[in-house]
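First the structure, in the form of structure tokens, and then the observations on it.
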Amino acid sequence: MRIDVITIFPGLFPPFLSESLLGKAIGSGVVDVRVHDLRDWATGPHRSVDDASFGGGPGMVLKPEPLFAAVESLDPDRGRVLAMSPAGRRLDQRLVAELVAESHLTLLCGRYEGFDERVIDGLPAEEVSIGDYVLSGGELPALVVIEAVTRLLPGVIGRQESHACDSFSEPGLLDHPHYTRPQEFRGLATPEVLVSGDHAAIETWRREAARAKTARNRPDLAGGG
């Protein structure tokens, strides 16, 4: 998979992209992440990529010209274009699974008051949000998308069956609680069933514990478990 990222802060990406499983996936060629500075497509002496909003109001808006030029420079294959925006479709595991099927993604990192709407309509680009809150820019959301997608690519995680137990792998259900050594810590004990060796009982406990955790932490999901 190839992922192109367009941002005005390209320096935010290298430290994250070089570490852990993501760094190994990039190093081994499983995923090719290319980060581009939007200002490379800006015109004028100040390399400006933003301007005031028509109609007034606070904040600046990312202009369409440099964004169109940046994305069109990737032609003929720009892949699926995603604009990181709190006004977008919320990223969930179902969307991540859709994106894994793509061979090429282009991620646009918003800033200021966001994108000129013609970027969304004209490229076109799909708006994607990582949650119902506002950040200063789309760089962290882009990294979240890259991390979520990359870990599902074959060969990135050693045991592919690990994905089957992830939170949200089954709609409406979080992952079950996990325990490791020591069996007791500061008066908190591991559930006896987990050390019983009874695999059927363990699976039953995990299923029930996952439902209980979902109801406690995400009651909005509990109805779908």
| query | So in region 1-98, what percent of DSSP beta bridges are antiparallel if you round to the nearest 5? | reply | 35
| remark: The answer for His104, listing residues at least 5 apart or on another chain whose modeled amide H is closer than 5 Å to its amide H, is Arg2, Arg80
| query | Karplus couplings for region 118-127 from phi (6.51 cos²θ - 1.76 cosθ + 1.60, θ = phi - 60°), rounded to Hz, Gly and Pro as x? | reply | 5, 5, 5, 6, x, 5, x, 10, 8, 7
| field | Exposure rank, largest accessible area first [Glu208, Glu127; 1.4 Å] | value | Glu208, Glu127
| Extended-chain gain in nm, criterion 0.36 nm per residue less alpha-carbon gap, Ser196 and Ser169 | 7.1 nm
| task | Please state, to two decimals, what the Cα-based radius of gyration of region 40-84 comes to when divided by 2.2 N^0.38 Å (N = residues). | result | 1.36
| query | What share of the DSSP beta bridges in the chain is antiparallel, in percent to the nearest 5? | reply | 20
| remark: Placing each pseudo-label 7 Å from Cα in the direction of the beta carbon, Glu65 and Arg207 end up separated by a distance in nanometres of 6.2
| query | Ignoring ligands, DNA and RNA, what accessible area per residue does the chain give at 1.4 Å, in Å²? | reply | 57
| task | Could you give the size of the charge dipole of the chain about its Cα centre, using +1 on the Cβ of each K and R and -1 on the Cβ of each D and E, expressed in debye and rounded to the nearest 20? | result | 600
| message | Could you give each residue of region 13-26 its phi-based ³J(HN,Hα) in whole Hz, using Karplus coefficients 6.51, -1.76, 1.60 with θ = phi - 60°, and x for Gly or Pro? | response | 8, x, x, 5, 6, 9, 10, 6, 4, 5, x, 5, 5, 5
| message | What are the extents of the Cα atoms of region 1-94 along their three principal axes, in Å, largest first? | response | 47, 33, 29
| query | Under a point spin-label approximation (7 Å from Cα along Cα-to-Cβ), what is the Leu21-His104 distance to one decimal in nm? | reply | 2.7
| Per-residue ellipticity at 222 nm for the chain, helices alone: DSSP H runs ≥ 4 residues times -39500 (n - 2.57), over residue total, nearest 500 deg cm²/dmol? | -9000 deg cm²/dmol
| Sequence-distant residues sharing a close amide H with Val33 (under 5 Å, placed H) | Ile3
| said: Quick check: at a probe of 1.4 Å, how many percent of the accessible area of region 38-174 sits on carbon and sulfur atoms? | reply: 54
| said: Check which residues have an amide H placed less than 5 Å from Met60's amide H, if you skip close sequence neighbours. | reply: Glu113
| request: From largest accessible area down, sort Arg186, Arg216, Arg78, Arg47; use a 1.4 Å probe on the protein chains. | output: Arg186, Arg216, Arg47, Arg78
| Chain lengthening between Ala189 and Asp132 when straightened (0.36 nm per residue, less Cα-Cα) | 16.9 nm
| query | Hey, what's the Kirkwood Rh for region 165-225 if you take every pair of different alpha carbons, in angstrom? | reply | 12.4
| Phi to ³J(HN,Hα) by Karplus 6.51 cos²θ - 1.76 cosθ + 1.60 over region 177-184, Hz, x for Gly, Pro | x, 10, 9, 9, 5, x, 5, 10
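The values are calculated or read from the model by the stated rules, or taken from the named source; none is laboratory data. Here the structure is a predicted model, which means the values were calculated and not measured. Cβ sites come from the backbone with ideal geometry, for glycine too, and all protein chains shown count toward neighbours. The area values use the complete protein model at the heavy-atom level, side chains included, leaving out ligands, DNA and RNA. Shrake-Rupley method; radii C 1.70, N 1.55, O 1.52, S 1.80 Å.
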